[in-house]
Amino acid sequence: MIDFLFFSIFFLWVINIAAQILKLTYIIQLKEYRWDRILDFLKSPEGRRSIFTPFFFVYLLIILLVFFIIVFSWTSLISPFVFLTNVFLFYSAGFFIILKKLRDHSLLRPRWTKKSFLFVSLSFLMMLFVPLIFILVFIFAQMNSDFFIYSFYFISRLLFLDTFLMIRNLFDLLYRGWILSLMSPFLFIYNLFVPFFVLFWFLILQAGTIFIKKYMYWRAAKKITSMSHLTVIGITGSYGKSTTKEFLTTILSKKFQVLATPANVNSEIGVAQIILKKLTPTHDIFIVEMGAYKKGEIALISKMTQPKIGIMTAINEQHISLFGSIENIKQAKYELMESLPDDGLALFNGDNDYCVELYKKTKKPKLLYSVQKTDDERVDKDFSHGKNVDSAKKQSSDISATNVKGTQDGIRCTLHKKPLKNLVSLQNCSSKGTSEKHHFGNENEQQDFFVPVPGIHNVSNLLAAAATASYFGMSLAEISEAAKHIQPREKTLKLMAGIRNTLIIDDSYSANPDGVMAALEYLDSLAAPKKIMIMRGMIELGEKSAEAHKRVGKKAAEVCDLVIFTTTDFFSDFLAGAMEIINRSEISYSHVSHPAVSHSKISHPENPYSENGKGTSEKRNFGNENVGFFNDAAFFNHNEKVLQISSAEEIMEKVNPYVSDGNIFLLENRIPSQIILALKMLH
């Protein structure tokens, strides 16, 4: 019976170890297998909690109990069966917690790639090695007791140990069943050291890949050099890189063969892999998103890709805890512009003060783009986040946008482009061998635009893409037509149909202060009975974290009827900003003053106003339907407007009353996936 209990415990322990390794691999993958990001995470309260879980302290207590059993000979006071039964119950509880997380889709595990699979497999095998050796030795000792005794005697003599006493105690414990019982504390010790084993293995693997990476960089650079017709466009900035890349790719693809780095691939190794696997001689243009967490990384990507054109979208405090200062961020981003040839082109966002500062110091050919002030005060308000330029102090832009209007379906604006006769470059930009001169244009141009992407902050991204496309010889009319085909990025202000005719704005990919503020501005522009925001704290903001969370908290309290903050980290700062608004008696929580922007055009699976297959409307009543987690209840009062709730189940319980016709949910920054699933009624 004792043997059965132990092996049952061992099985449950293996499941527990596997769950721990999956969680740690998820974190390491989320931090892009970078030691600096992992270390920064471990320094945070959330990182410390991921290591020192409640189970950690339970493990310590059990280990201390076993220590007293051995030292004070308590083996006569408690039977091995009772001891192992309690250990079994403990691991069973952990096993059922894992099953519950699997059911709720909340078990953290990595996205499966070759690298993550190898990392998980090797970590798991390393953790199992010693326990399996012990079990094999134990089985061998039972089958070959004489050999085991003589071997043990020989080893103890070599170590000058009291052989007789040790053998007597050993067989006493073996007879009473305590050998297997005392093995369980070693399993607990292993549980304690899983994070350290995994991190150790991570460092070993990283050291082993250094030479592989350098070889890949060399091969990628050699391939780029061999493609003389290819024009490389580099895009960098604290935010807006991926969206600008998608805008530009869609527009240029109407006239050229374009390859762009996919999704959020912006590291040296990621870019090198795309070059080696995807780039072909048929491509005319290669658009490269360039990210960095320290100085020198963008310089490395630029050396490998040899960009002709560089775009700087914006600079803010994102990742400042890794860079160390705003000055270091500026220097790191400017490495792209420093790498451009003398006949290249540098484009800067004129709405961002840091970008304007770098624009002024640039001696190479350069362009400035910005949103110009109009009678619509909302435009100025939307572009006033962070370190941005006052409208009256803006540099004269080469391409600008006016008449910016935001709707739920997208943005409308008018683009104006000045002539720049001396800006001529890009010889032989065709894979077909044709030699053309592309220029920015000799005439003033003006064109109305519609882009089917929500959020007027995206006008800056449109301007960057339009300015670059103009440099390739496309007219604003051609660019405007191509821009109509731009699609919203996944989890970036992505509109989705929610349960009971609600609207979900999925902006959960990641969060930086300016991005969250822009999402809140967009939410503020929509008419809805109630507006709910669910978000987690923003990371890697260093000393700017408190200020950024206060600013976002203040805006969230202005716009939303309920805000749920899913992490304890930074909540006090977020709440401090929110309370500045909540404590003002003159603040009205009604949103009836906003322009009426309906979200009835979104296709809802259970939307009583959704269009049927023939394009006509069909109204159905689901008002009293009990769906999933959500039950009808009274709304909470505004004394509970800003809450900190970590549990997904408690979050869904709190938002129950708000799941009703017309309400809008804004989801920010990697919130639990089961919340999104529940709101979409996919559970």
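Let's see how each residue does on (1) touching a residue at least 60 places away in the same chain (Cβ under 8 Å); (2) open to solvent by 10 Å² or more (accessible area, probe 1.4 Å):
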| residue | (1), (2) |
| --- | --- |
| Gly296 | no, yes |
| Leu300 | yes, yes |
| Ala314 | yes, no |
| Ala332 | no, no |
| Asp351 | yes, no |
| Lys363 | no, yes |
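From the list Leu426, Leu503, Leu495, the lone residue that is of a type in the set (A, V, I, L, M), open to solvent by 10 Å² or more (accessible area, probe 1.4 Å) and modelled with pLDDT under 95 is Leu495. Residues in region 442-456 that are in a strand (DSSP E or B) and open to solvent by 30 Å² or more (accessible area, probe 1.4 Å): Glu445, Gln446, Gln447, Asp448, Phe450. On the stretch given as region 621-675, residues that are outside any loop (DSSP other than H, G, I, E, B) and either modelled with pLDDT under 85 or of a type in the set (D, E, K, R) (or both) total 14.
Scanning region 271-285 for residues that are surrounded by 16 or more Cβ atoms within 10 Å (Cβ to Cβ), out of contact with any Pro (no Cβ under 9 Å at 6 or more places or on another chain) and closer than 19 Å to Trp218 by Cα turns up Val271, Ala272, Ile275, Leu279.
Checked against (1) at pLDDT below 90; (2) in contact with an Asp or Glu (Cβ under 8 Å, 6 or more places away or on another chain); (3) open to solvent by 10 Å² or more (accessible area, probe 1.4 Å); (4) not small (Gly, Ala, Ser), Ile581 passes all but a single condition, namely (3). Only residues that are open to solvent by 10 Å² or more (accessible area, probe 1.4 Å) and either farther than 19 Å from Val659 by Cα or β-branched (Val, Ile, Thr) (or both) were counted in region 523-535, giving 1. Scanning region 302-336 for residues that are closer than 15 Å to Lys241 by Cα and in contact with a strand residue (DSSP E or B) (Cβ under 9 Å, 6 or more places away or on another chain) yields a total of 12. One residue is enough: does region 228-250 have a residue meeting the conditions farther than 26 Å from Asn458 by Cβ, in contact (Cβ under 8 Å) with a residue 60 or more places away in the chain, open to solvent by 20 Å² or more (accessible area, probe 1.4 Å) and of a type outside the set (A, V, I, L, M, F, W, C)? Within region 228-250 (the criterion being farther than 26 Å from Asn458 by Cβ, in contact (Cβ under 8 Å) with a residue 60 or more places away in the chain, open to solvent by 20 Å² or more (accessible area, probe 1.4 Å) and of a type outside the set (A, V, I, L, M, F, W, C)), the answer is yes, since at least one residue qualifies. Kindly provide the set of residues from region 304-333 that are under 23 Å from Phe472 (Cα atoms) and among the hydroxyl-bearing types (Ser, Thr, Tyr), ordered by number. Residues satisfying the conditions are Thr305, Thr313. Restricted to region 536-554, and to residues there that are at pLDDT 90 or above and surrounded by fewer than 21 Cβ atoms within 10 Å (Cβ to Cβ), the residue that is nearest to Asn663 (Cα to Cα) is Lys554. Has region 259-282 got any residue that is modelled with pLDDT of 95 or more and in a strand (DSSP E or B)? The answer is yes; a qualifying residue exists. Of all residues in region 7-44, those that are surrounded by fewer than 18 Cβ atoms within 10 Å (Cβ to Cβ) and at positive phi total 1.
Every residue, every condition in (1) loosely packed, with under 14 Cβ neighbours inside 10 Å; (2) at pLDDT below 90; (3) charged (D, E, K, R), yes or no:
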residue: Cys560; (1), (2), (3): no, no, no
residue: Tyr589; (1), (2), (3): no, yes, no
residue: Ser603; (1), (2), (3): yes, yes, no
residue: Tyr609; (1), (2), (3): no, yes, no
residue: Glu618; (1), (2), (3): yes, yes, yes
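Of the helices (runs of 4 or more DSSP H) lying entirely inside region 1-96, the ones with 3 or more residues being at pLDDT 75 or above are found at 2-30, 35-43, 45-51. Pairs linking a residue in region 192-207 that is under 15 Å from Gln20 (Cα atoms) and open to solvent by less than 40 Å² (accessible area, probe 1.4 Å) to a residue that is part of a helix (DSSP H, G or I) and small (Gly, Ala, Ser), with Cβ atoms under 7 Å and 6 or more positions apart or on different chains, are Val198/Ser123.
A quick yes/no check of all residues on (1) within 18 Å of Leu462 (Cα to Cα); (2) modelled with pLDDT of 95 or more; (3) buried (at least 20 other Cβ atoms within 10 Å of the Cβ):
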residue: His319; (1), (2), (3): no, no, yes
residue: Glu335; (1), (2), (3): no, yes, yes
residue: Thr374; (1), (2), (3): yes, no, no
residue: Gly386; (1), (2), (3): no, no, yes
residue: Gly406; (1), (2), (3): yes, no, yes
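In region 480-508, the residues that are in contact (Cβ under 8 Å) with a residue 24 or more places away in the chain and part of a helix (DSSP H, G or I) form Cβ pairs under 8 Å with partners that are surrounded by fewer than 20 Cβ atoms within 10 Å (Cβ to Cβ) and acidic (Asp, Glu), at six or more places apart or across chains, as follows: Ser480/Asp448; Ile499/Glu606; Arg500/Glu606; Arg500/Glu625; Arg500/Asp661; Asn501/Glu606; Asn501/Asp661.
Quick check: is even one residue across region 116-127 modelled with pLDDT of 80 or more and over 22 Å from Phe196 (Cα atoms)? No, that holds for no residue. Under the condition of being polar (S, T, N, Q) and outside any strand (DSSP E or B), the residues counted in region 323-352 number 4. Of all residues in region 1-41, how many are under 22 Å from His319 (Cβ atoms), in contact with a Lys or Arg (Cβ under 7 Å, 6 or more places away or on another chain) and among the aliphatic types (A, V, I, L, M)? Residues that pass the stated criteria total 1.
Do we find a residue being within 20 Å of the chain's Cα centre (by Cα) and under 18 Å from Met652 (Cα atoms) anywhere in region 550-564? Checked against the condition, which is being within 20 Å of the chain's Cα centre (by Cα) and under 18 Å from Met652 (Cα atoms), region 550-564 yields at least one hit. In region 97-128, of all residues being among the hydrophobic types (A, V, I, L, M, F, W, C), within 24 Å of the chain's Cα centre (by Cα) and open to solvent by 50 Å² or more (accessible area, probe 1.4 Å), the one that is farthest from Phe11 (Cα to Cα) corresponds to Trp112.
The values are calculated or read from the model by the stated rules, or taken from the named source; none is laboratory data. Everything numeric in this text was worked out from a predicted model, so none of it was measured. With ideal geometry, Cβ positions are generated from the backbone for all residues, glycine too; neighbour counts draw on all protein chains shown. Side chains included, ligands, DNA and RNA excluded: accessible areas come from the protein's heavy atoms. Shrake-Rupley method; radii C 1.70, N 1.55, O 1.52, S 1.80 Å.
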